[in-house]
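Worksheet: one structure, shown below.
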Amino acid sequence: MLPPKVNILICRDAQSVSREAADRFVCASIKAVAEHGAFYVAIPGGSSPKGMFDLLASPDCASLVPWSKTHVFFTDERYVPHNHPDSNYKLANDMLLSKVPIPMDNVHRFRTELPLEEAAKDYERTLRDTIGGDIAFDLEILGIGTDTHTASLFPNSPALDEQTRAAVPNYAADKDSWRLTLTIPALCSAQQVVIIAMGKDKAPALRDAINTDLDIHVHPIQAIRPWSGRLLWLIDAEAASLLS
Ligand code: 6PG
């Protein structure tokens, strides 16, 4: 298979990355609702999406998004209660979802109150019941870790080999904790994938992900090759500093 064309937009700074990501969120929401009556978006945790959340919650952006037809999913979740400071749901809820008129039924969090396996199966059911049997996000935002993990797909972890399920538990060895994550088939179903990265800490990961041969077990982010969708890297100058 030919490698996918890599589209990279290098922004001046982290704020510009967040602005570009927020703009893409707004545009994708309007387009998806016009085309098929709903907007299915998957968002990550971590620090990278915070600037985008902030902008989307601002009146200028928030008034443009058709929130009543927007369904928010999570690319992954830490296996903690949903009101725990580490929860990806809590982060998105505090910074964005509680500030915009999205019906709470349209916010699809991992039910971490269930046992791990059940929580993963429950999320897959939710995805298929909401989006349809063939999951296809309109937009997926992803972060990248310094070890090139994305969502909770860590280097050399079993979830990387999952071919059929949409969501699975995965162990984060370096954090000695469990996560729940969408799998490669689910993540590659998106019509538009935007990977955001900012800061010089991310520069080696960006170089490894983009400039080295494909090996998804070493560099999980390389597995994100949407089947029929577009992939864009939105990165700041510091994160781009080691790209050749
Ligand atoms: C999470 C993630 C994860 C994240 C990267 C980057 O829950 O932490 O979804 O994949 O995107 O680890 O994290 P930062 O944005 O904090 O650098």
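Looking at Lys99, Lys69, Lys50, just one residue is in contact with a strand residue (DSSP E or B) (Cβ under 8 Å, 6 or more places away or on another chain) and basic (Lys, Arg), and that residue is Lys69.
Surrounded by fewer than 17 Cβ atoms within 10 Å (Cβ to Cβ) and either in contact (Cβ under 8 Å) with a residue 24 or more places away in the chain or not acidic (Asp, Glu) (or both), is that true of Leu91? Here the answer is no, as Leu91 does not meet what is asked.
Residues are listed down the side, and each one gets a yes or a no for (1) open to solvent by less than 10 Å² (accessible area, probe 1.4 Å); (2) within 14 Å of the ligand (Cβ to nearest atom):
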{"position": "Thr181", "(1), (2)": "yes, yes"}
{"position": "Cys188", "(1), (2)": "yes, no"}
{"position": "Gln192", "(1), (2)": "no, no"}
{"position": "Asp201", "(1), (2)": "no, yes"}
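Taking the options Pro81, Pro66, name whichever one is farther than 25 Å from Leu234 by Cα, touching a residue at least 12 places away in the same chain (Cβ under 8 Å) and not aliphatic (A, V, I, L, M).
Just a single option satisfies the conditions, and that option is Pro81.
For the stretch 114-132, the count of residues that are under 17 Å from Leu56 (Cβ atoms), in contact (Cβ under 8 Å) with a residue 12 or more places away in the chain and under 18 Å from the mean Cα position of the chain (by Cα) is zero.
For the stretch 144-179, the tally of residues that are surrounded by 16 or more Cβ atoms within 10 Å (Cβ to Cβ), near the ligand (Cβ under 9 Å from one of its atoms) and of a type in the set (S, T, N, Q) stands at 2. Please tell me if Ile196 is touching a strand residue (DSSP E or B) at 6+ places or on another chain (Cβ under 7 Å) and either without any contact (Cβ under 8 Å) to a residue 60 or more places away in the chain or closer than 30 Å to Pro115 by Cβ (or both). Judged against the criteria, Ile196 is not a match.
Hey, can you tell me all the residues within the stretch 32-43 that are closer than 19 Å to Leu182 by Cα and open to solvent by 10 Å² or more (accessible area, probe 1.4 Å)? Hit for the stretch 32-43 is Tyr40, nothing else.
The sole residue among Ser228, Ser189 that is closer than 19 Å to Asp138 by Cβ, at pLDDT below 95 and among the hydroxyl-bearing types (Ser, Thr, Tyr) is Ser228.
The values are calculated or read from the model by the stated rules, or taken from the named source; none is laboratory data. In this text the structure is predicted, and so the values were computed from the model without any measurement. Cβ atoms come from the backbone with ideal geometry, glycine included; neighbour counts cover every protein chain shown. Heavy atoms of the whole protein, side chains included, go into the accessibility calculation; ligands, DNA and RNA do not. Shrake-Rupley method; radii C 1.70, N 1.55, O 1.52, S 1.80 Å.
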